[in-house]
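S.K.: Structure incoming, see below.
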Amino acid sequence: MRWEPDARGRLEQAAMELYGERGFDETTVAEIAKRAGLTERTFFRHFADKREVLFSGSELLVSAIVDAVLAAPDSATAFDAVAAGIDAAAEVLTELRDRARQRQRIIDANTELQERELIKMERLSESIAAALCRRGVAEPAASLAAGAGVAAFRTAFATWVHDDNAPDFSRVIAEAVAELRAVTAAVPSAGATA
């Protein structure tokens, strides 16, 4: 068998180019492999299907976030631990802004991919909640804090990839977290009377 230098990277680049040129639905695995100068068999050694080109690597993001949640100081509140986790996402994604933008354009243009992205975000929320439970946070507080953190992350990510003037991702995340804290602080509890 002939060695194929950076086959995975070449396949990713070819797929992203074709998705951008022709659209996700109109692009076949055969076309991706051909553009990369590889075989379909090689494609399937690296990716389960053509969607995975867009969603592979999410394990690294989840791992970085969960590790940061678990590493937060013992004195941190549940949401402070989540905020530390989503801030860790900035370290993973900052160098990938151009690819993140290109990826998001492709996802935004396809309902099936948008659904897949929502499933990915739900799994991220579940992973964060599980990490909070390991820290001793009880349910439903763990799931609520995780869900709020993922909402802040999604808002920050959308700003970061769509706004050419957005500052670095870490700062955008900090702003989203601060906004979420302000909004939740201003909301009266369910038992409060006016």
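S.K.: I'd like the Karplus ³J(HN,Hα) series for the range 46-52: coefficients 6.51, -1.76, 1.60, θ = phi - 60°, whole numbers in Hz, and an x wherever there's a Gly or Pro.
M.R.: 9, 9, 5, 7, 5, 5, 5
S.K.: Can you work out ³J(HN,Hα) from phi for every residue in the range 22-27, in order, using Karplus 6.51 cos²θ - 1.76 cosθ + 1.60 and θ = phi - 60°, giving whole Hz and x for Gly and Pro?
M.R.: 10, x, 4, 5, 7, 9
S.K.: Could you give each residue of the range 72-80 its phi-based ³J(HN,Hα) in whole Hz, using Karplus coefficients 6.51, -1.76, 1.60 with θ = phi - 60°, and x for Gly or Pro?
M.R.: These are the phi-based 3J(HN,Hα) values: 4, x, 4, 6, 5, 5, 4, 6, 4 Hz.
S.K.: Moving on to the next point. With each run of n ≥ 4 DSSP H residues scored as -39500 (n - 2.57), what mean residue ellipticity at 222 nm is computed for the chain after dividing by its residue count and rounding to the nearest 500 deg cm²/dmol? List each step's numbers first, then the result.
M.R.: On the way: 10 runs with 141 residues, N = 194.
Result for the chain: -23500 deg cm²/dmol, rounded to the nearest 500.
S.K.: I would also like to ask the following. Note down the relative contact order for the chain as a percent, whole number, built from C-alpha pairs under 8 angstrom at least six residues apart. Write down the numbers at each step before the final one.
M.R.: Values: 174 pairs, mean separation 34.7, N = 194.
Relative contact order, the chain: 18 percent.
S.K.: What order, most packed first, do the peptides 78-87, 100-109 have when packing is the mean number of other Cβ atoms within 10 Å of each residue? Walk me through the intermediate numbers first.
M.R.: Numbers: 78-87: 24.0, 100-109: 16.8.
The packing order, highest mean first, is 78-87, 100-109.
S.K.: Once Rh is set to the Kirkwood radius over Cα pairs, what Stokes-Einstein translational diffusion coefficient, in µm²/s, holds for the range 110-182 at a temperature of 20 °C and a viscosity of 1.002 mPa s?
M.R.: Values: Rh = 13.2 Å.
Calculated translational D: 162 µm²/s.
S.K.: Also: Just grab the label-to-label distance for Lys34 and Ala151, each label 7 Å out from Cα along the Cβ direction, in nm (one decimal).
M.R.: Label at Lys34, label at Ala151, 4.7 nm between them.
S.K.: Which value in nm describes the separation of the simple spin-label points at Arg135 and Gln13, placed 7 Å from the Cα toward the beta carbon?
M.R.: Between Arg135 and Gln13, the simple spin-label model gives 4.0 nm.
S.K.: With the convex hull built on the Cα atoms of the chain, state its orientation-averaged projected area in nm².
M.R.: Details: hull surface 54.9 nm².
Mean projected area for the chain: 13.7 nm², to one decimal.
Values in this text are rule-based calculations from the coordinates and carry no lab data. All values reported here derive from a predicted model rather than from experimental measurement. So basically every Cβ, Gly included, is an ideal-geometry build from the backbone, and we count neighbours across all protein chains shown.
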